[in-house]
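The values are calculated or read from the model by the stated rules, or taken from the named source; none is laboratory data. Please read all numbers here as calculations on a predicted model, not as lab measurements. All Cβ positions, even for glycine, are placed from backbone atoms using ideal geometry, and neighbour counts span all protein chains on display. All accessible areas refer to the heavy atoms of the entire protein, side chains included, with ligands and DNA or RNA removed. Shrake-Rupley method; radii C 1.70, N 1.55, O 1.52, S 1.80 Å.
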Amino acid sequence: MALTHRPEFFEPSRAEAVELLGRHQVGRLAFSFHDRVDIEPISYVFSDGWIYGRTSQGTKLTTVRHHPWVAFEVDEVEGLFDWRSVVVHGALYFLDPNGGDRDREAYAHAVRLLRQFDAEVLTADDPAPERTTLFRIHADDITARAARSSE
């Protein structure tokens, strides 16, 4: 079916972008080192300007420890010209349960948030027990783009 009307492209408000981040639990983390850019899907929780997630040991961690500036994207797609996309730019911080008071507090807060969506996170029944490294990304910059078909 041919599109008879031009789609409208626009920038949703920051409030709409934050709302979209809060509606979802899966996004994509983009990170780079030297001339290579990688993108990986991750589960997450958005709370008070921070994206909280967890991952397993591997190349991604080594890369991000050397270059903590990342991008994070979440999309809602209903059709070719009916979609919303939010991109967050910020620094990724690893959370250390054995660090100072602030680190332990942030780690405990991340565990509480992640358990809102999966009560078994970091328990003996954890469905992804290899994902033991917790992190958070401060949403320094949030941008959004969207399209809607005009019918």
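A few comments on the model shown:
- Surface exposure of the chain, expressed per residue as accessible area with a 1.4 Å probe, stands at 62 Å².
- Put 118, 126, 48 in order of accessible area, highest first, and with a 1.4 Å probe you get 48, 118, 126.
- For the chain, averaging the sequence separation of C-alpha pairs within contact (under 8 Å, six or more residues apart) and dividing by the residue count gives a relative contact order of 33 percent.
- Of all accessible heavy-atom area on the chain, the percent that carbon and sulfur account for (1.4 Å): 50
- D_trans [Stokes-Einstein, Kirkwood Rh over alpha-carbon pairs] for the chain, 25 °C, 0.890 mPa s, µm² s⁻¹: 147
- Fully extended contour minus Cα-Cα distance, from residue 150 to residue 62, at 0.36 nm per residue: 27.1 nm
- Residue 50 accessible area, 1.4 Å probe, all protein chains in place, Å² to nearest 10: 50
- Once all protein chains are placed together, residue 78 keeps about 140 Å² accessible to a 1.4 angstrom probe.
- Per-residue HN-Hα couplings for segment 25-40 [Karplus 6.51, -1.76, 1.60; θ = phi - 60°; Hz; x = Gly/Pro]: 10, 10, x, 10, 9, 10, 8, 9, 8, 6, 9, 10, 10, 10, 9, 9
- Ranking 34, 74, 45 by Cα position along the charge dipole of the chain, where only Lys, Arg, Asp and Glu carry charges on their C-beta atoms, puts 34 farthest toward the positive end.
- Estimated 222 nm signal from helices in the chain, with DSSP H stretches of n ≥ 4 weighted -39500 (n - 2.57), rounded to 500: -6500 deg cm²/dmol
- Placing +1 on the Cβ of every Lys and Arg and -1 on the Cβ of every Asp and Glu, with nothing else charged, gives segment 74-144 a dipole about its Cα centre of roughly 240 debye.
- Here each label is just a point 7 Å from Cα along the line to Cβ, and for residue 11 and residue 28 those points are 2.2 nm apart.
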